[in-house]
Amino acid sequence: MALTLPSISLSSGIDIANPLLVISELNVTNNASINERLEVAMAPGEGQQVNEGYKVVTNNHGGKGCTYMVSVFATQAAFEAGKPPVEVLRDHRSVKVFSVQLADAAYDGMEPRSAAYAHLIAQPGFEGSTVVDGIGV
C-alpha cells in the first residue's frame, strides 16, 4: 500500500505534484503493566478481599502503540526505479515519528501498517490522499 497526494510542500519549500508516500519505518510496541497493592478493606476502590481487614487492589495499564515514518518519493516511477526519497516526513516536523494507538477502536482488526496508513490519511495536510494500488509496502 502507498498513498499519493495532489501536491505536497517539502521542508525545503519545494512543491511536488502527485508525490508517492510510503511508510518506510514501522515500529509496534505492546506494553502492559499491572500494579497490585495491599490496602485496608475500608479503603475506597474495588479489590480482592484477602481477609476481614485487607484487600488487594489491582490496576492494569498499557496499550499497543505504533510509530512510523513516511518517505516522500517524487513519483511512483522514481520509487519503482529505486530512486531515493526526496524527504522523510515526521509528525509536525519537530519529532521523529508519527504515533498511533493501535488499541483505539478506529483501528480494531487492522494490521499495524494498514492502521498507520489510515492514521496518516486523517492527519492535517493528508486529507486528499488516495491509495495507490499495486505497491505492497
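For the reader, a short list of remarks on this structure follows.
- Residue 53, sole failed condition from (1) out of contact with any Ser or Thr (no Cβ under 8 Å at 6 or more places or on another chain); (2) small (Gly, Ala, Ser); (3) at pLDDT 90 or above: (3)
- Residue identified as open to solvent by less than 50 Å² (accessible area, probe 1.4 Å), closer than 18 Å to residue 15 by Cα and either at pLDDT below 90 or touching a strand residue (DSSP E or B) at 6+ places or on another chain (Cβ under 7 Å) (or both) among 97, 70: 70
- Restricting attention to region 26-67, the residues that are in a strand (DSSP E or B) and either free of Cβ contacts under 8 Å to residues at least 40 places away in the same chain or open to solvent by 90 Å² or more (accessible area, probe 1.4 Å) (or both) total 25.
The values are calculated or read from the model by the stated rules, or taken from the named source; none is laboratory data. Nothing here was measured: the structure is a model prediction, and the numbers come from that model. Quick reminder, even Gly has a Cβ in these numbers, built from the backbone with ideal geometry, and neighbours come from all protein chains shown. Please note that ligands, DNA and RNA were not included when accessible areas were found on the heavy atoms of the full protein model with its side chains. Shrake-Rupley method; radii C 1.70, N 1.55, O 1.52, S 1.80 Å.
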